[in-house]
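The values are calculated or read from the model by the stated rules, or taken from the named source; none is laboratory data. Not measured: the values here are computed from a predicted model. Here the Cβ positions follow ideal geometry from the backbone for every residue, glycine too, while neighbour counts run over all protein chains shown. The area values use the complete protein model at the heavy-atom level, side chains included, leaving out ligands, DNA and RNA. Shrake-Rupley method; radii C 1.70, N 1.55, O 1.52, S 1.80 Å.
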Amino acid sequence: MQNIRQTIYTSKAAGFRIILVIYLIAIGMGVLTFLYTDPGKDILWRLFLADFVATVFVWLAGAVFDNASVYDPYWSVAPPVMLTLLAVWWQSYSVASLLLLTAIWVWGIRLTVNWAFTFKNLGTQDWRYDTYKEQFPQVWQLINLTGIHLMPTLIVFLAMIPGFYLLQLAATAGFVTYIGFSICIGAALLQWFSNRQMHRFRREQPGKVCNTGLWSLSRHPNYLGEIAMWWGVYVMLLSVSEGFYTWTGAGALVNMLLFIFISIPLMEKRQLVNKPEYSNYCQTTPKLFPRSFTIKRP
């Protein structure tokens, strides 16, 4: 029994298999929730309820394994699955719909692969979660459910709303649709190249501050890509819709504010503690948006 427990918490392969099963069950629960929710209800409400149920199940599974990072791939798995199933449900196969699904799957696969690369095992969770757990042990699971699981789920759901409406409209793609699609693909490539450069840098210069390549243009090019991704989805909707849908940009806006005011400050506070030279890096490199495009070579 002890050997089985040790394998579960120390083996990367075992962790992958367990998380795969958790997510297959979560997807099934989400689909059933959607199908058995009153069809007379607003489609957004039915979708959100399905998303909510799946998230709560992932939270419960993470609590069983005492690892909140079980939720980490949800950010990149839920949008492709939800939008694809919705496209099939509506039989939405227009060019605009297919462009959206292509962009979402390219982004989702890239982000999930990056998670898989950095995933160690079920015995290791994100350092931020460890911090919250140590600081607030009495209310840790409440913070875990609301702040680590439900808040990101809500933000990503809001960011997906333009995609929901785009599929519902099933309109013909226009010039601006392709601009939005290009933004999404460019965002995914930005994330891919920046993460690849960071992984290589950490192998070659562990403990140092990465200030070359894309990281010489922005302190957080990967986050910039994540922000741009959802603005691209929003642009795709605007290209085929009336002005009524301008409010759907709220999701992309909230997502951007999450990174600017929460994710980036948390990351940089830790970097400044662990790497004193990060202060100099902050003075020479913009936080998010590049001031120039002169890349510093390694």
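Counting other C-beta atoms within 10 Å, and keeping those with at most 13, which DSSP coil chymotrypsin sites (Phe, Trp or Tyr not before Pro) do you find in segment 63-131?
Hits after loop and neighbour filter: Tyr93.
On the Cα set of segment 1-143, report Rg and Dmax in Å, please.
17.2, 54
Which of the three applies to segment 195-296, rounded, prolate or oblate, going by the alpha-carbon gyration tensor with a ≥ b ≥ c and a/c under 1.5 meaning rounded?
It is prolate, given that a/c is not under 1.5 and a/b is the larger ratio.
Take the alpha carbon atoms of segment 130-165, find their center, do the same for segment 39-109, and report the distance between the two centers in whole angstrom.
After rounding, the separation between the Cα centres reads 15 Å.
Using a 1.4 Å probe on the protein heavy atoms, what percent of the accessible area of segment 1-148 belongs to carbon and sulfur?
Carbon plus sulfur share of accessible area: 69 percent.
Could you tell me what % of all Cα pairs in the chain have separations over 28 Å?
43 percent
Where does each of Thr153, Thr246 land when they are ordered by accessible area, with a 1.4 Å probe and the largest first?
Ranked from most to least accessible, the order is Thr246, Thr153.
Please return the longest range in the chain lying between exposed loop sites, taking trypsin sites (Lys or Arg not before Pro), DSSP loop only, at most 16 other beta-carbon atoms within 10 Å, and leaving the sites out.
On the way: sites that count: Lys41, Lys120, Lys208, Lys287, Arg291.
So the longest stretch without any such site is 121-207.
Using only the Cα atoms of segment 118-161, each taken as one equal point scatterer with no solvent, compute I(q) by the Debye sum, divide by I(0), and report log10 of the ratio at q = 0.13, 0.14, 0.19, 0.31 Å⁻¹.
-0.37, -0.42, -0.69, -1.01
Report the Stokes-Einstein translational diffusion coefficient (µm² s⁻¹, integer) for segment 113-233, Rh taken as the Kirkwood radius over Cα pairs, at 20 °C with viscosity 1.002 mPa s. The partial results should precede the final answer.
Working: Rh = 17.3 Å.
Translational D for this selection: 124 µm²/s.
If I ignore ligands, DNA and RNA and count only protein heavy atoms, how much of Phe193 is accessible to a 1.4 Å probe, in Å² to the nearest 10?
90 Å²
Can you compute 3J(HN,Hα) from phi for each residue in segment 149-154, using the Karplus curve 6.51 cos²θ - 1.76 cosθ + 1.60 with θ = phi - 60°, rounded to whole Hz and x for Gly and Pro?
For segment 149-154, the Karplus curve yields 9, 6, 5, x, 4, 5 Hz.
Would you list Ser218, Ser292 from the most to the least accessible area, probe 1.4 Å?
In descending accessible area the options line up as Ser292, Ser218.
Which entries in Lys208/Lys296; Lys12/Lys133; Lys12/Lys296; Lys133/Lys269 show an alpha-carbon gap greater than 25 Å?
From Lys208/Lys296; Lys12/Lys133; Lys12/Lys296; Lys133/Lys269, over 25 Å: Lys12/Lys296.
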